[in-house]
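Peer 1: Supplied in structure tokens, the structure appears directly below.
Every number here is computed from the coordinates shown, using simple stated rules; none is lab data. If you're wondering where the values come from, they're calculated on a predicted model, not measured in any experiment. For neighbour counting, all protein chains shown are included, and Cβ atoms are generated from backbone atoms with ideal geometry for every residue, glycine included.
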Amino acid sequence: MKRKLQSAFDPRQYMLSRDFEVFYYSDLDFHSVGSHSHDYYEFYFFVEGSVVMEIDSVPYEVRPGDLIIIPPGTRHRAMIQDGSVPYRRFVFWISRDYCDALCAQSEDYGYALHTGKTVFHYDVIGFNTLTGKLFALLDEIHSERFAKDSRITLCVSDLMLHIARTVWEMETSSAGDRELSAYEAVTAFISAHLDEDLSLERISGELFLSKFYLSHLFRENTGLSLHQYIVKRRLEAACEALRAGAGAADACALVGFSDYSSFFRAFRKEYGLSPAQFRQRY
């Protein structure tokens, strides 16, 4: 799914959209763009690479897990130190007018924009939660589902509020929040990778959580095993695909079931209908 949502790098430094744009880039031998500024906010999420970000002529060596918020009018550029290393990042642009509209609903949306800080560092779990929300937004933008525009609006609001909350928590949080954050990180990872391998081993390795703790986390928060939770999420996603007009076999493949027979059995057990009957009825 990541490859499907990846953007080809475009050196333009202006928005085509009135409200916001989001990109997921992965490049080799990247040629840096010169120092520039925007009339909108840029949220830069650094995943991988060898990069120094220059902000108002001050260099900063970015680390995986960094979020850099660049306000309008701030000159900046990314300087590649080693072009042989993959350069992966998300870039989210959002206009001042759109930010103002969100803040008119609640000042909470703008918390991260007014701390006086530019760079925020997330741990592995927190950053995976954040990138899960970015992948969810990109997935919706690339979809042709019912109520797509409304869902995109919700995704953007959720992303902005999540950033505001996590920035606030970086300054004020206690150790008691860690288990909930880990659970949110895992559910976000699952949502972003439903069509991929979601074995206990893979999730444990990606999020640096022990398999025992991961299993405990889901029993405590959902009453389900991790496998049962993933099956339920895949079936919910399959229902959305069927409602949108996908065939049963296509829905099975889209949501990551390894074979159709196991998908059919799980679907019938959960909903009392075969996938084809569900599609016909709804």
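Peer 1: Can you tell me, using C-alpha contacts under 8 Å and at least 6 residues apart, the relative contact order of the chain as a whole percent?
Peer 2: Values: 392 pairs, mean separation 40.7, N = 282.
Across the chain, relative contact order equals 14 percent.
Peer 1: If I take all pairs of Cα atoms in the chain, what percentage of them are more than 25 Å from each other?
Peer 2: Distances greater than 25 Å cover 53 percent of the Cα pairs.
Peer 1: When only DSSP loop residues count, what GluC sites (Glu not before Pro) in segment 81-188 have their Cβ near at most 15 other Cβ atoms within 10 Å? Write out the running numbers ahead of the final one.
Peer 2: Working: sites: 107, 140, 144, 169, 171, 179, 184; in loops: 144.
Filter output for segment 81-188: 144.
Peer 1: Would you kindly derive the ³J(HN,Hα) couplings of segment 112-129 from the backbone phi angles with the Karplus curve 6.51 cos²θ - 1.76 cosθ + 1.60 (θ = phi - 60°), listing them in order in whole Hz, with x for Gly and Pro?
Peer 2: Here the 3J(HN,Hα) series is 5, 7, 10, 7, x, 9, 10, 10, 10, 10, 9, 6, 4, 5, x, 6, 5, 4 Hz.
Peer 1: Further, regarding this structure: Only helical DSSP H runs with n ≥ 4 go in: add -39500 (n - 2.57) per run for the chain, normalise by residue count and round the 222 nm mean residue ellipticity to 500 deg cm²/dmol.
Peer 2: Details: 11 runs with 136 residues, N = 282.
The per-residue figure over the chain is -15000 deg cm²/dmol.
Peer 1: Something else: Modelled label-to-label distance, residue 191 and residue 213, 7 Å Cα→beta-carbon offset: nm?
Peer 2: Spacing of the two 7 Å Cα→Cβ label points: 2.2 nm.
Peer 1: Another question, then. Pop out the ³J(HN,Hα) list for segment 239-252 in order, Karplus 6.51 cos²θ - 1.76 cosθ + 1.60 with θ = phi - 60°, rounded to Hz; leave Gly and Pro as x.
Peer 2: Those phi angles translate into 4, 4, 5, 5, 5, 7, x, 5, x, 4, 5, 5, 4, 4 Hz.
Peer 1: With 10 angstrom as the radius, rank 10, 139 by how many other C-beta atoms surround their C-beta, starting from the fewest.
Peer 2: Numbers: 10 10, 139 19.
So the residues, fewest neighbours to most, are 10, 139.
Peer 1: Taking only C-alpha pairs under 8 Å that are 6+ residues apart, what is the relative contact order of segment 52-139 in percent?
Peer 2: Answer for segment 52-139 is 34 percent.
Peer 1: Could you give the length gained by full extension between residue 52 and residue 32, i.e. 0.36 nm per residue of separation minus their alpha carbon distance, to one decimal place?
Peer 2: 6.1 nm
Peer 1: What residues have an amide H closer than 5 Å to that of residue 122, excluding those fewer than 5 places away on the same chain, when H is modeled at 1.01 Å from N in the peptide plane?
Peer 2: Placed amide hydrogens put 66, 67 under 5 Å from residue 122.
Peer 1: Modelling each spin label as a point 7 Å along the Cα-to-Cβ direction, I'd like the residue 222/residue 6 distance in nm, to one decimal.
Peer 2: 2.9 nm
Peer 1: With a ≥ b ≥ c taken as the square roots of the eigenvalues of the C-alpha gyration tensor of segment 175-262, please select rounded if a/c is under 1.5 and otherwise prolate if a/b is larger than b/c or oblate if it is not? Walk me through the numbers on the way to the answer.
Peer 2: Numbers: a/c = 2.43, a/b = 2.10, b/c = 1.16.
Prolate.
Peer 1: So what's segment 226-281 giving for Cα Rg divided by 2.2 N^0.38 Å, two decimals?
Peer 2: After normalising by residue count via 2.2 N^0.38 Å, the value is 0.97.
Peer 1: Under the classification rounded if a/c is under 1.5, otherwise prolate if a/b is larger than b/c and oblate if not, where does segment 1-147 fall, given a ≥ b ≥ c as square roots of the Cα gyration tensor eigenvalues?
Peer 2: In terms of gyration-tensor shape, rounded.
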